[in-house]
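Have a look at the structure below before the remarks.
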Amino acid sequence: MIESDTIKLLRECDAGIKMGVASIDEVLEYVHDETLGRCLEDCKDEHNRLQEEIQVLLDKYHDDGKEPNPMAKSMSWVKTNMKLVMDESDETIADLMTDGCNMGVKSLNKYLNQYKAADEKTKDIAKRLINVEEKLVADIRLFL
């Protein structure tokens, strides 16, 4: 059970990171304020560091990880691009990123509760990912 829950939680973290990085990449070219851009780049860098840790563990379990849900990814892309076509402001970007982070935090907490038997190292990664998402929300509030 421990190994099964560990792999499942790693997969969800993997998919969440991929979704987060893709979302940041979608909005970066529209950012006007240097501080907002730096916040997003720092968050992306932290996601990539966590991704490397997750990949090491997935390799240990001979698992390929998980891609984000195609429907969720498509809906996110459509929402992002529709909002940015109407308003390319930093406020719009902060709003989109806040919504995405909040959904990520909610999902990750759900998976932490669902996969209680996961090993502590994997739970720690999930908690750090939650903290990265929450930090970005706090850092970009002044742009809302």
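Values quoted throughout were computed directly from the atomic coordinates according to the rules given, and no laboratory measurement underlies them. Since the model is a prediction, treat every value here as computed from it, not as a measurement. All Cβ positions, glycine included, derive from the backbone under ideal geometry; neighbour counts span all protein chains shown.
Please say if region 49-93 is rounded, prolate or oblate, where rounded means a/c under 1.5 for a ≥ b ≥ c the square roots of the C-alpha gyration tensor eigenvalues, and otherwise the choice is prolate for a/b larger than b/c and oblate otherwise? Since a/c reaches 1.5 but b/c is at least a/b, the shape of region 49-93 is classed as oblate. A helix-only calculation puts the chain at -28500 deg cm²/dmol for mean residue ellipticity at 222 nm, using -39500 (n - 2.57) for each DSSP H run of at least four residues, averaged over all residues. The C-alpha atoms of the chain define a longest principal axis, and helix 90-114 lies at about 10 degrees to it. With respect to the chain, whose longest principal axis is taken over its alpha-carbon atoms, helix 70-86 is tilted by about 10°. Dipole orientation for region 33-144: of the candidates 62, 48, 81, 62 has the Cα lying most toward the positive pole (charges on Cβ; Lys, Arg +1; Asp, Glu -1).
Helix 2-28 and the longest principal axis of the C-alpha atoms of the chain enclose an angle of approximately 10°.
At 4 °C and 1.567 mPa s, what whole-number value in µm²/s does Stokes-Einstein give for the translational diffusion of region 1-86, with Rh from the Kirkwood sum over Cα pairs? Show your work: numbers first, answer last.
Numbers: Rh = 14.2 Å.
The Stokes-Einstein estimate is 91 µm²/s.
What is the gain in length, in nm to one decimal, between residue 127 and residue 102 on full extension, counting 0.36 nm per residue of separation less the C-alpha to C-alpha distance?
Numbers: separation 25, 0.36 × 25 = 9.00 nm, distance 1.40 nm.
Extra length from residue 127 to residue 102 when fully extended: 7.6 nm.
Mind jotting down a quarter of the surface of the convex hull over the alpha carbons of the chain, in square nanometres, one decimal?
Details: hull surface 31.6 nm².
Projected over every direction and averaged, the Cα hull of the chain covers 7.9 nm².
For region 8-103, the Cβ-based charge dipole about the Cα centre amounts to some 540 debye (Lys, Arg positive; Asp, Glu negative; other atoms uncharged). Given C-alpha coordinates of region 73-116, what is the ratio Rg to Rh with the Kirkwood estimate of Rh? Value, to two decimals: 1.15.
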